[in-house]
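The values are calculated or read from the model by the stated rules, or taken from the named source; none is laboratory data. Since we're looking at a predicted model, the values are computed, not measured. Ideal geometry is used to build each Cβ from the backbone, glycine not excepted, and the neighbour counts take in all protein chains shown. To get the accessible areas, we keep the full protein, side chains included, count just its heavy atoms, and leave off ligands, DNA and RNA. Shrake-Rupley method; radii C 1.70, N 1.55, O 1.52, S 1.80 Å.
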Amino acid sequence: MSSEQRIVIENAYVATVDIAGTEYDSGHVVVDGREIVAVGAGPAPAWALAGSSNPASGVNAPASASLRTVTRVDGTGHLLTPGLINTHHHLYQWLTRGIAQDSILFDWLTTLYPTWSKITADTVGAGALGGMAVGALSGCSTMGDHHYVFPRGAGDILGGIVDAAGSLGVRLHGTRGSMDLGASQGGLPPDFAVETTADALQASADAVARFHDPSRESMVKIAIAPCSPFSVTSDLLREAAVLARSLDVRLHTHGSETVEEDAYCLERFGRTPTEYLDDLGWLGDDVWMAHCVHLDEHAIARFAATGTGVAHCPSSNARLAAGIAPIPQLLAAGVPVGLGVDGSASNESGQLGTEIRMSVLVNRLRAGADGMSGRSGLYLATMGGARVLGRDRELGSIEVGKLADLALWKIDGVEHAGIVDPVAALTLGAQPPLSLLLVDGREVVREGRLVRVDERDVARQVTAAVGELLAL
């Protein structure tokens, strides 16, 4: 008789983030393999601790069925949430933090493009490992990455990012990004940083064929992601949408991030960014856009009507003075909204956990003290992100039948002890220490340390990659 792993977490404050917002002051969660099999108040049921099947499931296991080896986790003094979901990042930018610190987006980009043109698969792999390591330590189980810079001769950049995610044990929602509108054609990026339209489309199709796993349990998914209205042609946007839908993968781009982008689109196309992208087939429930800071009422209505998702990146928007996205209005309209770190070169952090607090505080500046609750911020980081990435059936909440991506936060230490609302420890307080992160039912973080990689080695790899990149 074989045995399979069962993890039983008890005595934690459980914030399920299900549709009813169910929470348990002292609850339990039972994980079998990669799936959640029980959630509820009080101690775990006897069958769970005995390693047998749940009798309520109605499934009568045969005599030869496997018993589970039970690992019990005492969650006393802890908050249990779904694993956090990062819907927008540029992991390669982990290598260029601290540059152009006081610039707006367009000036920041033009400062950094020359350095980014020198990246290689090896340096990007190290940067991705560092960025995702910090993300995991902040409770992030699913990493969204938008990579769009592919210098000639740089090697297998996407392969390096995929390998880094695999070594850490986190889910990756990667993208094959692209730019084909150089400065000589009226775009923002220098010509050496762009590809031809045909090359970009072929490379996008190849990336999907190599890496995309469409299964429910997938650890790697790939979307097609031309960079932005000011760095790609209309032809690339239009054809990328056709390609993605023919391959049944999602679409991602930047949209309405700054007033400068608005002005660019109005001058060049006579349309707002949303109108322009809408004309090219870029609104739909298979699309999500980063930032969406400058959306008018028409744009919000179109996003809601089409199910287009938004990746809200409050720290990066503040760092670049891009503005405050209308998140309460988007949520009220029913638009899918998730959280994003954005590139660490416009954030200097890879922590998604801290973006919860940032999203709440920034949006209250416009919407008022009661305009954005802490639990709304937690929703963005979990179920909202799952909706944005099209994975709300298997991720984003703690429910029976969902995949076991869970974050257990320690809230009985000196920073949080005695807080009246355990959820506020995460959503309004300083980020609590992470005692456990499960991804697909397997440990990725234990007692605030990465389980599968040596953190000192990760730091050394990042330092060496930065030195190599900046020396070129």
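Restrict the check to region 434-455 and report whether at least one residue is open to solvent by 40 Å² or more (accessible area, probe 1.4 Å), over 25 Å from VAL30 (Cα atoms) and over 20 Å from the mean Cα position of the chain (by Cα). Give the steps one after another, and end with the answer.
Of region 434-455, the ones open to solvent by 40 Å² or more (accessible area, probe 1.4 Å) are 442-443, 446-447, 449, 451-452, 454-455.
Those left that are additionally over 25 Å from VAL30 (Cα atoms): 454-455.
Still in the running and over 20 Å from the mean Cα position of the chain (by Cα): 454-455.
For region 434-455, residues open to solvent by 40 Å² or more (accessible area, probe 1.4 Å), over 25 Å from VAL30 (Cα atoms) and over 20 Å from the mean Cα position of the chain (by Cα): present.
Step by step: first the residues of region 285-314, then only those that are among the β-branched types (Val, Ile, Thr) and open to solvent by 20 Å² or more (accessible area, probe 1.4 Å), then the one that is nearest to ASP262 (Cα to Cα). Which residue is that? Steps first, answer last, please.
At the first step, the residues of region 285-314 found to be among the β-branched types (Val, Ile, Thr) are 287, 293, 300, 306, 308, 310.
Subset that is open to solvent by 20 Å² or more (accessible area, probe 1.4 Å): 300, 306.
On the way: ILE300: 15, THR306: 21 Å.
Across region 285-314, the extreme among qualifying residues is ILE300.
List every residue pair whose Cβ atoms sit under 6 Å apart, with the two residues 6 or more apart in sequence or on different chains, where the first one lies in region 405-417 and is of a type in the set (Gly, Ala, Ser) and the second, anywhere, is open to solvent by less than 10 Å² (accessible area, probe 1.4 Å).
Close Cβ pairs (under 6 Å, with a partner that is open to solvent by less than 10 Å² (accessible area, probe 1.4 Å)) amount to ALA407/THR81; ALA407/GLY83; ALA407/GLY139; ALA407/LEU437.
Just for region 249-284: of the residues that are under 29 Å from LYS221 (Cβ atoms) and aliphatic (A, V, I, L, M), which one is surrounded by the fewest Cβ atoms within 10 Å (Cβ to Cβ)?
LEU280
Return a yes/no flag: does region 366-378 have any residue that is in contact (Cβ under 8 Å) with a residue 40 or more places away in the chain, in a helix (DSSP H, G or I) and polar (S, T, N, Q).
yes
Considering only region 157-212, state which residues are over 25 Å from ARG391 (Cβ atoms), surrounded by fewer than 17 Cβ atoms within 10 Å (Cβ to Cβ) and hydrophobic (A, V, I, L, M, F, W, C).
Within region 157-212, ALA183, PHE192, ALA198 qualify.
Which one of the conditions (1) among the acidic types (Asp, Glu); (2) closer than 30 Å to ALA263 by Cα; (3) touching a residue at least 60 places away in the same chain (Cβ under 8 Å) does ASP74 fail to meet, given that it meets all the rest?
Of (1) among the acidic types (Asp, Glu); (2) closer than 30 Å to ALA263 by Cα; (3) touching a residue at least 60 places away in the same chain (Cβ under 8 Å), only one is false for ASP74: (2).
Looking at (1) among the charged types (D, E, K, R); (2) under 29 Å from VAL400 (Cβ atoms); (3) in a helix (DSSP H, G or I), find the lone condition where ARG460 falls short.
(2)
When SER117 is evaluated against the numbered criteria (1) open to solvent by 10 Å² or more (accessible area, probe 1.4 Å); (2) in contact with a helix residue (DSSP H, G or I) (Cβ under 6 Å, 6 or more places away or on another chain); (3) at pLDDT 95 or above, which criterion, by number, is the only one it fails?
Every listed condition holds for SER117 apart from (3).
Among residues belonging to region 327-353 that are among the polar types (S, T, N, Q) and either more than 13 Å from the chain's Cα centre (by Cα) or surrounded by 24 or more Cβ atoms within 10 Å (Cβ to Cβ) (or both), point out the one that is modelled with the lowest pLDDT. Step through it out loud before you land on a result.
Start the filter on region 327-353 by keeping residues that are among the polar types (S, T, N, Q), which leaves 329, 344, 346-347, 349, 351.
Of the ones still in play, those that are also either more than 13 Å from the chain's Cα centre (by Cα) or surrounded by 24 or more Cβ atoms within 10 Å (Cβ to Cβ) (or both) are 329, 344, 346-347, 349.
On the way: GLN329: 98, SER344: 92, SER346: 95, ASN347: 95, SER349: 95.
Taking the candidates together, the pick is SER344.
How many of the residues making up region 1-59 are open to solvent by 50 Å² or more (accessible area, probe 1.4 Å), more than 29 Å from the chain's Cα centre (by Cα) and aliphatic (A, V, I, L, M)?
7
Restricting attention to region 231-248, and to residues there that are open to solvent by less than 10 Å² (accessible area, probe 1.4 Å) and not in a helix (DSSP H, G or I), which single residue is farthest from ASP180 (Cα to Cα)?
Selected residue: SER231.
Of the numbered conditions (1) open to solvent by 30 Å² or more (accessible area, probe 1.4 Å); (2) at pLDDT 95 or above; (3) touching a helix residue (DSSP H, G or I) at 6+ places or on another chain (Cβ under 7 Å); (4) farther than 18 Å from VAL439 by Cα, HIS147 satisfies every one except a single condition; which is it?
(1)
Report yes if some residue within region 228-238 is in contact with a strand residue (DSSP E or B) (Cβ under 7 Å, 6 or more places away or on another chain), of a type in the set (S, T, N, Q) and in contact (Cβ under 8 Å) with a residue 12 or more places away in the chain; otherwise report no.
Checked against the condition, which is being in contact with a strand residue (DSSP E or B) (Cβ under 7 Å, 6 or more places away or on another chain), of a type in the set (S, T, N, Q) and in contact (Cβ under 8 Å) with a residue 12 or more places away in the chain, region 228-238 yields at least one hit.
When you check GLY177 against the structure, is it part of a strand (DSSP E or B), out of contact with any helix residue (DSSP H, G or I) (no Cβ under 6 Å at 6 or more places or on another chain), touching a residue at least 40 places away in the same chain (Cβ under 8 Å) and on the phi < 0 side of the Ramachandran plot, yes or no?
Yes.
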